[in-house]
Amino acid sequence: MEPRKPDAERRSLVSLAHPDDQLLLEQALRTSQKSATSTSLRFRILGRDGKYHQLRCRVHLAPEAGAIYLVGTVEPAGADSPRVLSRLRQRANSSPSATAPPPASDFGQPARVLLADDNPVNVMVARRILQKLGYTVEVANNGQEAVAKALTGNFDVVFMDLHMPLLDGIEATVKIRKAQATVGTRTPIVALTAAAMAEDRKRAFDAGMDGYVTKPFKMEDLQQVMEPLLRKN
């Protein structure tokens, strides 16, 4: 069977988007096709359950295969995957001509990490390790800054020191979780702390954290906690 033309793929994708999002999506895909670059998008798309779901994704173009590949996640977590997402993923996996998207993130680009820590030495070490693992890192120097950036920066994972000025990691996590609950999103948050007591771990998970790494840590420690969170998210 001959591959579909990119224009046909674009029309198929746009037809499943929410009517209010179709014009913006059409324009974004056309621009991406003309420039032959991948594009980050957020829009509502029709799922197999007949409902519209928020979709964060990155669009990859493969002109030689006549296809547009969509890699992303549905919000809220647990919502039925949109049929177009499933179909385009299958085409990407089965097409010998297509270039597979980078594996580091569900969005086809290096995962974006927010590193919240007020200690310059800890920041230097953690950032260096995360960058060696292929992730893009942005730093927050206190709890308030961590909350602001986590809610606006579209990060894949947040590493949160438990002891910071203005807001500690527990308080910052609670604020993030409350704000995200109102819009149905949930960014994974991992505690970074020198405390290894059982009650500290319990406080972190009770606040809504998804992982726990004790300082000092090695590259393997961050990698082990990152990979399942990225696959799950």
Seminar exercise, completed: Across the range 112-228, qualifying lysine pairs (alpha carbons under 27 Å, at least 8 places apart or different chains) come out at 13
Exercise. What length, rounded to one decimal in nm, is gained on full extension from ARG128 through to ASP168, with 0.36 nm per residue of separation minus their alpha-carbon distance?
Worked result: 12.1 nm
Problem set entry | Globularity ratio of the range 164-219, using Cα Rg and 2.2 N^0.38 Å | 1.17
Problem set entry | Residues whose placed amide H lies under 5 Å from that of VAL137, excluding near-sequence neighbours | VAL113
For this session: Would you mind estimating how fast the range 112-228 diffuses translationally, via Stokes-Einstein at 4 °C and 1.567 mPa s with the Kirkwood radius over Cα pairs, in µm²/s?
Result: 94
Exercise. So between LYS178 and GLU199, what do we pick up on full extension, going 0.36 nm a residue minus the alpha carbon distance?
Worked result: 5.3 nm
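Just so you know, all these numbers are worked out from the coordinates, no wet-lab data involved. Since the structure is predicted, the reported quantities are computational estimates derived from the model, not experimental observations.
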